[in-house]
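A short write-up of the structure that comes next.
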Amino acid sequence: MDGSHCDRSFPFLAGMTTLLKARRGRHKVFIGMAPGVGKTYRMLQEGQQLHSEGLDVVIGLLETHGRQETRQQAQGLELVAPRQLDYNGVVLSEVDIEAILQRQPQLVLIDELAHTNAPGSEHEKRYQDVELLLAAGLDVYSTVNIQHLESLNDLVARITGVIVRERIPDRLLEEADEVVVVDVTPETLEERLREGRIYALDKVPQALTNFFRRHHLVALRELALRSVADSIEEQAAGTRTGAISVRERVLVCLSTHPQSIRLLRRAARLSGAMDARLYVLFVADPQRFLTKAEVLQLETCDRLCGMFEGAFLRVESTDVVGAIVKVATEQRVTQVVIGESPTSRRLWWWQRPLTDRLLQRLRGQGIDLHIISFPGDHPDSELDD
């Protein structure tokens, strides 16, 4: 939604300096593959359980979408009245941050993390409201669908044909204290849809032929489960040295030579066969300028990398082997792919070939090295060293 957002200050926060420094609230995110999987219901269910155990739980914002089951699950929990904002004659409800801060509950339940706030709100996005509450020391439970993650926007559009406008930074999942995947089978979700438990019955046929197609749901479900697994792995890597990757990761090292395109495709096939993440690396010599043809070659590789849903990395270094090892370690790569040809070996007759030196540096790190040989006078991705 377009429009300006005001920047109100909160006098109540002025006396909370000690609290802000002492404790940041805990954030639990309930994520699902699509509307209707039960994220809000699950959040309310856990809120009710904690409320019954004596915890001070309030609802900061609830979007029921007319679903009776959701409304019933919310009964008995205190609702902090939302702010009412007039936008072009329509009254919109948004999180009342100041009221929640003054109320000081132990836990706040806030629905639809990716929501865009109405003009006149403190923040443009609801997730920013949540971040302020967390900074003030309040625990927050929130909900979001997988298609709202910024990094997955293009992929979701390719899968479903739907461009999602409301997005959240991936760091929200990475920084969350707990992420819960609310999972149902595509068949169960379709059944709920046909019964009118997600949308009004008159909207069901259109939904079934668009976003809620079976193959869309299967892909989105896999995406949700994989994204959370990756997030957990990222957190584990940040808290322990030498973390072991639980998922295969392929790193292909390219040069500006035309054979690099073939090498990239070979690496993409390997990545696909292993269901692995793909990283494409180009190590640039800071003392050398690329020609126009070389720049175009790299741009082609970058575009191909995007088609293969990989990450294109460019680093500057005069130590090619060291740069490859550094990137492989940082990204917890399990497979490294490089190219070699008879010419590329002759080019470096006065020193040990790059492949030999790289193999020695990778030894003992649990990383497999794939050397793709190209016949004839076509040095592929042996990077300038």
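The values are calculated or read from the model by the stated rules, or taken from the named source; none is laboratory data. As the structure is a computational prediction, the values presented were derived from the model and not from experiment. Don't worry about glycine lacking a Cβ; one is built from the backbone with ideal geometry, like all the others, and counts go over all protein chains shown.
Here are the numbers:
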read-out: Some residue of region 148-167 being in contact with a Phe, Trp or Tyr (Cβ under 8 Å, 6 or more places away or on another chain) and under 24 Å from LEU101 (Cα atoms); value: no
read-out: Test result for THR17, hydroxyl-bearing (Ser, Thr, Tyr), within 22 Å of GLN128 (Cα to Cα) and modelled with pLDDT under 90; value: yes
read-out: Subset of region 95-106 (residues that are surrounded by fewer than 21 Cβ atoms within 10 Å (Cβ to Cβ) and in contact with an Asp or Glu (Cβ under 9 Å, 6 or more places away or on another chain)); value: GLU98, ARG103, GLN104, PRO105, GLN106
read-out: From TYR127, TYR141, residue being free of Cβ contacts under 8 Å to residues at least 60 places away in the same chain, closer than 21 Å to VAL58 by Cα and hydroxyl-bearing (Ser, Thr, Tyr); value: TYR127
read-out: Subset of region 24-52 [farther than 26 Å from LEU193 by Cβ and part of a strand (DSSP E or B)]; value: HIS27, LYS28
read-out: Hits in region 288-307 - residues which are surrounded by fewer than 17 Cβ atoms within 10 Å (Cβ to Cβ) and either within 26 Å of LEU359 (Cβ to Cβ) or touching a Ser or Thr at 6+ places or on another chain (Cβ under 6 Å) (or both); value: ARG288, GLU294
read-out: Residue selected from region 182-202 under the condition surrounded by 14 or more Cβ atoms within 10 Å (Cβ to Cβ) and in a loop (DSSP other than H, G, I, E, B), by the criterion modelled with the lowest pLDDT; value: TYR199
read-out: Subset of region 327-357 (residues that are at pLDDT 75 or above, more than 28 Å from the chain's Cα centre (by Cα) and over 20 Å from HIS257 (Cα atoms)); value: ASP356, ARG357
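Conditions tested, residue by residue: (1) under 16 Å from the mean Cα position of the chain (by Cα); (2) modelled with pLDDT of 85 or more.
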position: ARG226; (1), (2): yes, no
position: GLU233; (1), (2): yes, no
position: GLY242; (1), (2): no, no
position: THR256; (1), (2): no, no
position: GLN259; (1), (2): no, no
position: LEU263; (1), (2): no, yes
position: ALA268; (1), (2): no, yes
